[in-house]
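Here's the structure we're looking at; comments come further down.
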Amino acid sequence: MEVGVETNAKTPTKKVHSFSPVTGGSPVKYFGISHHPSAMYGDNEDPYPSLSDFHDYEPNLEFDDTELEQAASTAGGEDEIKVFDYLESPVSDGTIEENFEEELAAAPFISEPDSITTTPLQDEEDFSDISQHGIVEVVGDDAYGRKIIVVVACKLPSNKGFDHQRFLRYLLYTLDKYVEQDYSLVYFHHGLNSKNKPSLTWLWQAYRAFERKYKKNLKALYLVHPTNFIKLTFQLFKPVISAKFGRKVMYINYLHELNQFIRLDQLTIPQIVLDYDQQLTAKSSHKAVPYPTINNTGSNNKASKTPLDTQQFGVSLMFIKERNNSDIIPPIMRQCVEYLSQPEALATDGLFRRSASTILVKECQAKANRGEVIEFNGDFHLAAVLIKAFLRELEEPLLTFDLFEEIMDFQKLSKDERGPIVKQIILEKLPEDNYAVLKYLVHFLSKVMDRADLNKMTSSNLAVVFGPNLMWSENLKLSLAAIAPINQFTDFILVHQDEIFLI
């Protein structure tokens, strides 16, 4: 039942919508802004994904420049503000609650270009002053085989000495390395407060800076521990946010919900975020689903299970070799490579950059671990994801932990030094079995590169996809500082494979 309060044109119109929660929760109010009565959100609007006991709503309007112009010209006092009820996480962290309603209602829409979107990003630009804070990190892949980029709000320093414009350039610089493949973005909101939060004008500039190339392959945006501020901000920008982008946004109220999509043990979650999640869980009526014990170094303390004799995922190359008639090439890799060596597969656009159904991936992994043959049924992306998943889940990376520091120094080498050093690393320092698997993989990837005119997978694109799956540090966290040398090292191997590997 709805209760409407009629007022004059200058006074906000209040509407209260009642909800019937499945489980407990406390109602709070949020604002939505419309520029015309016909833009009011009706009861027929479909909810977009939410993992808790409440639903928020996706936008109905596609992104359009004319809408931006209209928003900029009509965002004055004639806007009609409506208030709705919804169910939120039962605990509020108290951050960013100071006058947020007034700030959102008064936030300006900016239609003119800004320096963030008009100044080209330079590969050699030094962002060490921003990266040192650890606000943005790139970790492993999610359950769908998509690269994970993590943004942590509590690591944002005070506004007094922090350049948010430069931070946005750094974020775009980071995403530029991954926007050509499917990726997921995780945002930990807890810890954002009045001292370190960016202005709403900046948030609007940030949304505009993320042009289509950044949004196209973003498959999921997980907003962890959302507060009223996030939901109000989304409602403010709702008229100019595309419906397609809105469907990618998912509110995550508890970490155990996020664990359904991303292994938490590969994330470096700050202790204050872990503590806050425990407070939320303790005060809610939900029973937390158990997930691997994690700490703030990203290590996994979960006791390992005894693997099957036919196990292939999550074990070592030696384990597989000893149970595979001494054949060092793992059966799952051989089956996937042979399947993808078909001409039709090699010509597939975006091969290795696209994700696959997580259900199918898990089913195929289970079959491989039982020693069963996998039926791909024409799904080339499934086979591609399984290769990456196999490499990513090895007990030790294919290029080994011991070689991590040497590979990190690759960028420091001169062009003349790179060839001899890489040969020494691959031929002399890489274990024999690892060398054989790497050679097998690179030989196959050369076939993929030969069809780059069709599949768009050049050596650099393949390096971005495979680099982080061939090398990582022992703490499981792949920092942004490590990505560039790993990718460049991988690209060098792909380009110069004929000179590196022995026939």
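The values are calculated or read from the model by the stated rules, or taken from the named source; none is laboratory data. Source: prediction; values computed, not measured. As a convention, Cβ positions derive from the backbone with ideal geometry for all residues, glycine included, and neighbour counts pool all protein chains shown. Ligands, DNA and RNA are stripped out before the accessible areas are found, and what is left, the full protein with its side chains, is counted by its heavy atoms. Shrake-Rupley method; radii C 1.70, N 1.55, O 1.52, S 1.80 Å.
Pick out, in residue order, every one of the trypsin sites (Lys or Arg not before Pro) in the stretch 366-461 that is DSSP loop and has at most 14 other C-beta atoms within 10 Å; say none if there are none.
Sparse-neighbourhood loop trypsin sites (Lys or Arg not before Pro): R370, K456.
Can you find, among L413, F492, Q342, the residue farthest towards the positive end of the dipole of the stretch 317-500? Put +1 on the C-beta of Lys and Arg, -1 on that of Asp and Glu.
Q342
Label-point separation (nm) for R334 and A243, each offset 7 Å from Cα along Cα-to-Cβ?
Each label point lies 7 Å from its Cα, and together they span 5.0 nm.
Quick check: residue separation of R451 and L274 times 0.36 nm, minus the Cα distance between them. What number comes out in nm?
Gain in length upon complete extension: 59.1 nm.
Would you please name the trypsin sites (Lys or Arg not before Pro) within the stretch 130-224 that are DSSP coil residues with at most 15 other C-beta atoms within 10 Å of their C-beta?
The qualifying sites are K195.
Using θ = phi - 60° and the Karplus form 6.51 cos²θ - 1.76 cosθ + 1.60, what ³J(HN,Hα) does each residue of the stretch 249-261 get, whole Hz, x for Gly and Pro?
In residue order, the calculated couplings are 7, 9, 7, 10, 8, 9, 5, 5, 6, 5, 5, 5, 10 Hz.
Tally Lys and Arg at +1 and Asp and Glu at -1 over the other residues with C-beta under 12 Å from the C-beta of E180: what net charge comes out?
Its environment carries a net charge of +4.
Can you give me the long-range amide H partners of V249? Hydrogens built in the peptide plane at 1.01 Å from N, cutoff under 5 Å, separation of 5 or more residues or another chain.
Hits under the 5 Å cutoff: L221.
Can you check what the net charge comes to around P157, using other residues whose Cβ is under 15 Å from the Cβ of P157 (Lys, Arg +1; Asp, Glu -1)?
+3
Could you check the simple spin-label distance between E405 and A484, using points 7 Å along Cα→Cβ, in nm with one decimal?
2.1 nm
Roughly how many Å is it from the Cα centre of the stretch 146-193 to that of the stretch 313-345, as a whole number?
The stretch 146-193 and the stretch 313-345 have Cα centres separated by 37 Å.
Can you list residues from other chains, or at least 5 along the same chain, whose modelled amide H is less than 5 Å from the amide H of D379?
Long-range HN contacts for D379: none found.
Sticking with the crude label model, points 7 Å out along Cα→Cβ, report the distance from Q132 to R418 in nm, one decimal please.
2.9 nm
Calculate one ³J(HN,Hα) per residue across the stretch 145-150 by plugging θ = phi - 60° into the Karplus curve 6.51 cos²θ - 1.76 cosθ + 1.60, and present them in order as whole Hz with x for glycine and proline.
x, 9, 5, 10, 10, 10
Would you kindly state how much longer the chain becomes between K160 and Q342 on full extension, computed as 0.36 nm times their sequence separation minus their alpha carbon distance, in nm to one decimal?
Contour length minus the Cα-Cα distance gives 59.8 nm.
What list of ³J(HN,Hα) couplings, whole Hz, do you get for the stretch 325-336 from phi and the Karplus terms 6.51, -1.76, 1.60, once you set θ to phi - 60° and write x for glycine and proline?
6, 6, 7, 6, 6, x, x, 5, 5, 5, 5, 5
Which order do F319, F444 take by accessible area at a 1.4 Å probe, largest first?
F319, F444
Using the C-alpha gyration tensor of the stretch 317-500, what are the square roots of 5 times its eigenvalues, in whole angstrom, with the largest one first?
Ellipsoid semi-axes (Å, largest first): 26, 20, 15.
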